Amino acid sequence: MIRLSKAGAWLIGGRTVIEEGEETAAKLSQALGCVPEKEEGREETIAYRILRAHDTSEDPKQMRIRFDSLTSHDITYVGIIQTARASGLTEFPMPYVLTNCHNSLCAVGGTINEDDHVFGLSAAKKYGGIYVPPHQAVIHQFAREMLAGCGRMVLGSDSHTRYGALGTLAVGEGGPELVKQLLGRTWDIAAPQVVAVYLTGEPVRGVGPQDVALAIIGAVFESGYVNNKILEFVGPGVEKLSADFRIGVDVMTTETTCLSSVWQTDGVTEAFLALHGRADAYAPLAPGQAAYYDGMVCVDLSAVRPMIAMPFHPSNVYTIEEVCAHPADVLAAVEEKAAASLGGRASLELLKKVRDGRLWTDQGVIAGCAGGGFENLCAAADILRGREIGTGAFALSVYPASQPILMELVKNGRIADLIAAGATVRTAFCGPCFGAGDVPANHGFSVRHSTRNFPNREGSKIQSGQIASVALMDARSIAATAAAHGALTPATALDTEFTGPVYHFDSSLYEKRVYFGAGRPRPEEELVMGPNIKDWPEQVPLTQDVMIRIVSEIHDPVTTTDELIPSGETSSYRSNPLGLAEFTLSRRDPEYVGRAKAVQRAEAARREGACMGEAMPELRDAFHAVKAAFPELRAHDTGIGSAVYAVRPGDGSAREQAASCQRVLGGLANVAAGYATKRYRSNLINWGMLPLVCDTDHEALPFGLGDFLFLPGIRAAVESGAETVTAYVASRGMTPVELKLGALTPDERKILLAGCLINFYKGL
């Protein structure tokens, strides 16, 4: 089904694959009459042709990218605009889309939710942006319909910013990276590697895009095969896929931890763009005659079967047939993994879902940028036509990804089919993807065509004794499961005639509601600031020396951004830095906030010239140990801050709050064995936090929870571009520990020295 090349690979003429090996040179010479250099071949990829067209750097190994447009949703845009305002923003220099799909519903917070939406509209008017009101479209569907184009680049403050199926190289990053674009700066990255996803064959009936995506994620995630690399979809299998199918696979590439993705384009792409009134956005994109890739994922589409990603990660994949054949064995393995992740705080009790040899689910959801597409919902309607979901516990909800899709489904009767079967139909909303919609009962088991199934993505609160589980599936198998009243069923088990109705896009729905003000700022407009919208608290520059205390220690293989700052109801405080920070690590380490604040009080005492020892007696002992080794130390000139240790933090969402909330609570660093994504490391840097790496095995660390690490001369180290620094465990006899800062760009060093991105821009 899926095979990974052991090394790089060449693609000749878009069809012939030559993997690196002993005979590579001979095969290249036979095919091309020469043996090109890898660097030359990499420039022949679609990805590099797009990157070079947007690269403002003169150094081919260090890119400085300017994007064509930006997009954000209502969890992130207030903070981005507030940061940009504090840094001198006068107008949006490029099209910037502000959507309102993440908090269209609000669990708590009074007027907070709509206050932020009103702020968004006033900002779009003042600075010249595009404002999409609530319930009109989820962020990525609007971008596909109205923004993407072949050869373009889009930067979004959501991790699933992926429009590669339309020939657009799109990147999901933390908010500060959008701030840089708004202020005329660049997205700076080392020239990335590119991995080909070479598609052959054609999907069998009943297999959908989520099945293909989950199969790929399962094959590449654990090994990090595509981590921070660009995926390029090529091969004869591409032409067998519709635009919606390609989009459904593409959006899930985020879960592989790749940097971005792009597909070869053809008449299917051209037709999609023309249908949406943007025929001029089409251009043929294909690899050059001899394109070199740093790896290759070979996918036989005809061998893919309906897949299910069990809790708690999209890579925890099985075929549905396998689960149906051995449900108890699979669920026992899932329970074992979950127990390690949950640390005994809750039990999934999934084995109770097996009755009469079948696995019974409690809920089905088809929603958002992954599941709410036209073809997915039409296929679900075809399966459910003439059937019903029953009067038991199982419930089915569908969320079309945009009003135009919903309108077409109403016109062609598919909404009627779904409702007649017992499904409920909602408006465009991302809530089920992050735990703010369709929350199942305690110990419920939900199957969803959405993007993630991390802990709490279904809305449960482990700290309150509430736990439920999400498994990811394709809309087709969710509909088949619904037709079986909740018994897990692959879509291939049903003899369904998929009608494949033609889609008609009605742009007038947007024309009547969306504010299109790109390029037309109205500086006389006043920003409308609700009572929950607060400015960022002041941050101080990096001091010459720092003392950091480890206030949380997490040894899970991966720590998601949802664990660092929970999504769902906490997002009601997204525009209030101090309010939101109270939820930091609340579901993973409830004692973190109190520990961090204790360190923060000591830092406040230092800045006020007061006695730090009174604020934190343990700190006095740490400084005594340091003073013995460094007699010249001036304690009151040494910054005091907290740090989180996690093995591999930052998988998942691009939300900058995962880092900024730590900073608001006095965080100065993260220490990790490595960072799951570039975007999380970038968020740390942009908020003035040192992205430290410790190569010591996480089970044999020379420091732990409560220990103080002294970093002498850290400011000078950052200034000089040092990639390695020595810290001393002050609370363990000044044990030295080598920590890596890694490569930092000149601007990243300046941001760390300034204390955060806002300070950096204020100093320009």
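Coordinate-derived values only; no laboratory data. Just so we're clear, the structure is a prediction, and the values are computed from it rather than from any experiment. Cβ placement follows ideal geometry from the backbone for every residue including glycine, while neighbour counts extend to all protein chains displayed.
The local environment of HIS636, defined by Cβ-Cβ distances under 14 Å, has a net charge of -1 under the rule Lys, Arg +1 and Asp, Glu -1.
In terms of packing, defined here as the mean over residues of other Cβ atoms within 10 angstrom, the peptides 287-293, 627-633, 445-451 line up highest first as 445-451, 287-293, 627-633. The simple spin-label model puts a point 7 Å past each Cα toward its Cβ; for THR726 and GLU388 those points are separated by 7.7 nm. Estimated at 0.36 nm per residue, the fully extended path between ALA493 and THR16 surpasses their Cα-Cα distance by 168.2 nm.
Listed peptides 118-125, 191-198, 712-719 appear in the order 191-198, 118-125, 712-719 once ranked by packing, highest mean of other Cβ atoms within 10 Å at the front. Note on GLU349 and VAL35: the model spin-label points, each 7 Å out from Cα along the C-beta direction, lie 6.5 nm apart.
The equivalent ellipsoid that matches the C-alpha gyration tensor of the stretch 420-561 spans semi-axes of 39, 31, 15 angstrom, in descending order.
Within the chain, DSSP assigns beta bridges of which about 40% are antiparallel (rounded to the nearest 5). Evaluated at q = 0.12, 0.19 Å⁻¹, the base-10 log of the normalised Debye intensity for the stretch 318-508, with identical point scatterers placed on the Cα atoms, takes the values -0.56, -1.28. Each of THR269, THR186, THR16 was scored by other Cβ atoms within 10 Å of its Cβ. Listed from fewest to most, they are THR16, THR186, THR269. Normalised radius of gyration (Cα atoms, divided by 2.2 N^0.38 Å) for the chain: 0.94. With K and R counted +1 and D and E -1, the other residues having a Cβ less than 14 Å from that of ASP300 yield a net charge of +1.
Largest first and in whole Å, the equivalent-ellipsoid semi-axes of the stretch 102-179 read 25, 14, 13, each the square root of five times a Cα gyration tensor eigenvalue. Farthest toward the positive end of the dipole of the stretch 545-762, out of ILE751, GLY613, SER552, is the Cα of ILE751, where the dipole comes from beta carbon charges about the Cα centre. Estimate the FRET efficiency between ARG513 and THR111 by the formula 1/(1 + (r/R0)^6), using the beta-carbon distance for r and 25 Å for R0, to the nearest 0.05. Once rounded, the FRET efficiency stands at 0.70. Every pair of different Cα atoms in the stretch 644-730 enters the Kirkwood calculation, which places the hydrodynamic radius at 13.6 Å. In a simple Cβ point-charge model (Lys, Arg +1; Asp, Glu -1; nothing else charged), the chain has a dipole of about 1080 debye relative to its Cα centre. Taken along its principal axes, the alpha carbon cloud of the stretch 305-428 reaches lengths of 48, 29, 28 Å, longest axis first. Here, the stretch 545-762 is characterised by an Rg to Rh ratio of 0.94, where Rg is the alpha-carbon radius of gyration and Rh the Kirkwood radius.
The ranking of LYS750, LYS180 by Cβ neighbour count inside 10 Å, starting from the fewest, reads LYS750, LYS180.
Straightening the chain between THR56 and ARG358 buys 103.0 nm, computed as 0.36 nm per residue apart minus the Cα-Cα spacing.
Potential lengthening of the chain between ARG620 and LEU578 amounts to 12.3 nm, from the contour at 0.36 nm per residue minus the alpha-carbon distance. Once the Cβ-Cβ distance of HIS504 and SER302 is raised to the sixth power relative to R0 = 25 Å, the FRET efficiency obtained is 0.20.
Label-to-label distance, GLU538 versus CYS611, with points set 7 angstrom from Cα along the beta-carbon direction: 2.6 nm. Here the stretch 434-454 is scanned for amide nitrogen atoms under 17 Å from the site 7 Å beyond the Cα of GLU335 along Cα-to-Cβ, giving 443-446.
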